[in-house]
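Just so it is clear, none of the values below were taken in a lab; they were calculated from the coordinates. The shown structure was predicted, so the numbers you read here are calculated from the model rather than taken from an experiment. As a convention, Cβ positions derive from the backbone with ideal geometry for all residues, glycine included, and neighbour counts pool all protein chains shown.
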Amino acid sequence: AQSVSQHNHHVILSEAASLELGCNYSYGGTVNLFWYVQYPGQHLQLLLKYFSGDPLVKGIKGFEAEFIKSKFSFNLRKPSVQWSDTAEYFCAVSSTGGGNKLTFGTGTQLKVEL
Amino acid sequence: AAGVIQSPRHLIKEKRETATLKCYPIPRHDTVYWYQQGPGQDPQFLISFYEKMQSDKGSIPDRFSAQQFSDYHSELNMSSLELGDSALYFCASSLGGTYNSPLHFGNGTRLTVT
């Protein structure tokens, strides 16, 4: 079974600071990787996804993530955060042979201060 | 664009009562997933359906059952409710026959058991 760990549970940044959220997964086979964002009181929204090809993927709202296979990592980055990025961020994986079912990490609560 | 519709948005029940949550997938999506997100927790996979058949099962209690109907909407039935069932219940849909089809989430149903 696959598992996902997110190292930072709470992150507080000032506007314009750079962001990097860690995500590591555990699975013996090939995985698909995702980052979802959940704004307060809202549903999960897909930020970006990696299936294959270029390990550096770009998503919406200026986010990007890099898949490093040797480190089983898929860290999320943004060069300059905004107050509106305050939300909870979930890393998720699905196995290529297991349909599209997602396994989520525990989430990182990001607070961006003005 | 049409999204995943869940009803009701909020539901308050007493212990030992029953509840039914409904999910209407994005048009042409044939796969539905149910997730439970407790307070401060990551979403936990409950169950999924593809073409009206159960396709996968996660940590769904025996008190819960679900099904997918001919129009692809799904219902999650919860009986003998317990205080610990209070959570946000997300439904997601995807194109099951399409490899790597991303999940699209609904706004969730917030269930409070008193």
**Item:** All positions within region B:5-50 that are closer than 12 Å to B:TYR72 by Cβ, crowded, with 22+ Cβ neighbours inside 10 Å and within 11 Å of the chain's Cα centre (by Cα)
**Value:** B:CYS23, B:PRO25, B:VAL32, B:PHE49
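May I ask you to list the residues in region A:37-60 that are at the interface with chain B (Cβ under 8 Å from one of its Cβ atoms) and in contact (Cβ under 8 Å) with a residue 24 or more places away in the chain? Break it down into steps so the answer makes sense when it comes.
As a first pass, look at region A:37-60 and keep what is at the interface with chain B (Cβ under 8 Å from one of its Cβ atoms): A:42-46, A:49, A:51.
A:LEU44 - this is the single residue of region A:37-60 that is at the interface with chain B (Cβ under 8 Å from one of its Cβ atoms) and in contact (Cβ under 8 Å) with a residue 24 or more places away in the chain.
Let's see how each residue does on (1) under 23 Å from B:PRO39 (Cα atoms); (2) surrounded by fewer than 13 Cβ atoms within 10 Å (Cβ to Cβ); (3) touching a Phe, Trp or Tyr at 6+ places or on another chain (Cβ under 8 Å):
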residue	(1), (2), (3)
A:TYR36	yes, no, yes
A:SER52	no, yes, no
A:PHE74	no, no, yes
A:SER84	yes, yes, no
**Message:** Tell me whether region A:68-78 contains one or more residues that are within 25 Å of B:GLN44 (Cα to Cα) and of a type in the set (Val, Ile, Thr).
**Reply:** no
**Prompt:** A:ALA1 passes all but one of (1) under 30 Å from B:TYR50 (Cβ atoms); (2) surrounded by 13 or more Cβ atoms within 10 Å (Cβ to Cβ); which number fails?
**Reply:** (2)
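For region A:62-98, which positions are touching a Ser or Thr at 6+ places or on another chain (Cβ under 6 Å) and within 14 Å of chain B (Cβ to nearest Cβ)?
A:TYR89, A:VAL93, A:THR96
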**Message:** Filter region A:99-114 down to the residues that are more than 10 Å from every other protein chain (Cβ to nearest Cβ) and not charged (D, E, K, R) and list them by number.
**Reply:** A:THR108, A:LEU110, A:VAL112, A:LEU114
